[in-house]
Amino acid sequence: MNEPLDIILSSVRKVAWRTLKDRLGFIDYNIADILSNLIDDDPHKRNIAYWQLDNQIVIQGGLSESCFYILPFLNELVAITNLSLIHIS
């Protein structure tokens, strides 16, 4: 991994995610792993990560409370990886 990515993921791990809500209640999964998989070279991992975020954080076009905490990290990942669109296969 590269240094900016390590810094972002380290910061993600410091957030008290279990105190934030997604569509089912309080978050009980690893956001850092999902974000890391979202930019992985393996399209299967990216696809799973995308749907994990979509099915838990985005709720029928609306956003859960946790979305507002995840968005800054997603923006940084896009910036450092030069992704304009994540292709889901």
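So the values come out like this:
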read-out: ARG13 vs. criteria surrounded by 18 or more Cβ atoms within 10 Å (Cβ to Cβ) and at pLDDT 90 or above; value: no
read-out: Pairs where the first residue, in region 1-30, is in contact (Cβ under 8 Å) with a residue 12 or more places away in the chain and assigned to a strand (DSSP E or B) and the second is surrounded by 11 or more Cβ atoms within 10 Å (Cβ to Cβ) and of a type outside the set (A, V, I, L, M, F, W, C), C-beta under 8 Å, 6+ apart; value: LYS21/SER64; LYS21/GLU65; LYS21/SER66; ASP22/GLN56; ASP22/SER64; ASP22/GLU65; ASP22/SER66
read-out: Subset of region 16-45 (residues that are among the acidic types (Asp, Glu) and either open to solvent by less than 70 Å² (accessible area, probe 1.4 Å) or modelled with pLDDT under 90 (or both)); value: ASP22, ASP28, ASP40, ASP41, ASP42
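The values are calculated or read from the model by the stated rules, or taken from the named source; none is laboratory data. Note that the structure is predicted; figures quoted are calculated from it, not measured. Heads up, the Cβs are rebuilt from the backbone with ideal geometry, glycines too, and the neighbour counts pull from every protein chain shown. These area figures cover heavy atoms from the full protein model, side chains too; ligands, DNA and RNA do not enter into them. Shrake-Rupley method; radii C 1.70, N 1.55, O 1.52, S 1.80 Å.
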